[in-house]
Amino acid sequence: MTETRAITTPGRRVEPHAGIPSGSSPKGSSLRSAVVSTLKHAGLILLALVMIYPLLWMVVSSIRPNSEIFTTPGLFSDSFDFSHYTTGWNALAAPFSTYLLNSGLIVLGSVIGNLISCSLAAYAFARLNFKLKTLAFVAMLVTIMLPIHVLIVPQYVLFAQLGWVNTYLPLIVPKFLATDAFFIFLMVQFIRGIPRELDEAARIDGASHFRIYSQIMLPLMVPALATTAIFTFIWTWNDFFSQLIFVTKPDLYTVPVALRSFIDSQSQSDFGALFAMSIVSLVPIFLVFLFGQRFLLRGIATTGGK
C-alpha cells in the first residue's frame, strides 16, 4: 500500500490532492443538481396547473350542457354544446358587442386621461419647485390608502348634482384630473432616474418646461407610460363596483355589469351563457397583456436611467 504524506516546509504545509473534494465526484454533483432542478420545475408546473385550473374549468364549462356544469368537476366531458356562445351573445337587452363597445369607450377615455394627467403631475413633482410641494406629494400618496368605498358616496352626490349619473362622465372625467396616485408615484420615480443634465441642456437652448416635458421626458418615459396604460386598461375593464353605481340603464351597461345580468336570484340562471361571455370578455385583457408584457416588465424593473 502506497502511503501519501503531506510535504511540509518551514512556515508552509501542503495537503495532498487539495484540488479534489474528499468523498465527492463531479458526476455525482451533476446528478444531484439535475434531480433538484427537475423537482423544482415539477413543483412549479404543478402549482401553475392548480392556479390555472379554475380558468380551464370555466373554458370547458362554457361548451358543456347546463346540466353537466356543476355535476362534472373535471375537465373532460362526453358532450359539447357550443350554443352557449350564440345564446349568451343575444341573451340580454342588446347584443353583447354593445357592452364590449361601451367598456372599450370607457377604457379608451381612462387610458388617455391617465397618460396625460398623471405624466404632467409626475413631471411637476419630479422637476418643478413650488410651495407646499412636499405636503402635496404626501397628500397624494395618502389617497392610495383610501378604498373606493369611502369615496363613492361623496362622488355620487357630486356627480348626481352635476347630472352625470347614467353617463360615462363620472368614469372618464376624473382620469383627466390625475386621480390615480399610484401611476403618479410610478412616473415620479421613473423621472427621478432621468439625468437632470438633459433638462439643463434644454433650458440653456431656451426650451420651456412644456417643451422639456413633451420632447425629452415623454420619449424616455415610454416604459412607464406603457405600464400605466396596461394597468389602467385591466383595472377599468374589470371594474364592476363603480360602473354598477353610476350606470343603471341597460343600454349603457359595461361588460362586468352585463355579466352580472346573467345571474338572476328569482329565476333560473344561465351559467353556460355566463361562462361563454366571460371567456369572450377575457380575450381583450389577454391580448393586451400578451403584446404589452415586455413594456410592463421594463416599466416596473427600470429606474429611468439611460
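Derivation of every value follows stated rules applied to the coordinates shown; laboratory data play no part. The model shown is predicted, which means the values in this text are computed figures rather than measured ones. So basically every Cβ, Gly included, is an ideal-geometry build from the backbone, and we count neighbours across all protein chains shown.
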Grab the chain and count how many Lys pairs have their alpha-carbon atoms under 30 Å apart, sequence gap of 8 or more, or different chains. 6
Quick one: compute the contact order of the stretch 55-153, relative version, from alpha carbon pairs under 8 angstrom and 6+ residues apart, as a percent. 15 percent
Return the label of the correct value of Rg and Dmax of the Cα atoms in Å, as calculated from the structure shown, out of (1) 19.8, 59; (2) 29.2, 102; (3) 17.5, 55. (2)
Percentage relative contact order, the stretch 88-240, counting C-alpha pairs under 8 Å, at least six apart: 42 percent
As an exercise, identify the chymotrypsin sites (Phe, Trp or Tyr not before Pro) in the stretch 65-125 lying in DSSP coil whose Cβ has no more than 15 other Cβ atoms within 10 Å. PHE70, PHE76, PHE80, PHE82
What is the fewest-to-most order of VAL36, VAL165 by other Cβ atoms lying within 10 Å of their Cβ? VAL36, VAL165
Rh by Kirkwood over Cα pairs, then Stokes-Einstein D for the stretch 29-85 at 0.890 mPa s and 25 °C, µm²/s: 180 µm²/s
Computed over the chain: relative contact order in percent, which uses C-alpha pairs under 8 Å that are six or more apart: 27 percent
If you average the C-alpha positions of the stretch 145-190 and of the stretch 74-101 separately, how far apart do those two centres end up, in angstrom? 33 Å
Counting other C-beta atoms within 10 Å, which of PHE210, PHE262, PHE240 has the fewest, and how do the rest follow? PHE210, PHE240, PHE262
Listing MET277, MET145, MET221 from the residue with the fewest other Cβ atoms within 10 Å to the one with the most, what is the order? MET145, MET221, MET277
Considering only PHE246, PHE286, PHE176, give the residue with the highest GNM mean-square fluctuation for the chain, with springs between Cα atoms whenever their separation is below 10 Å. PHE286
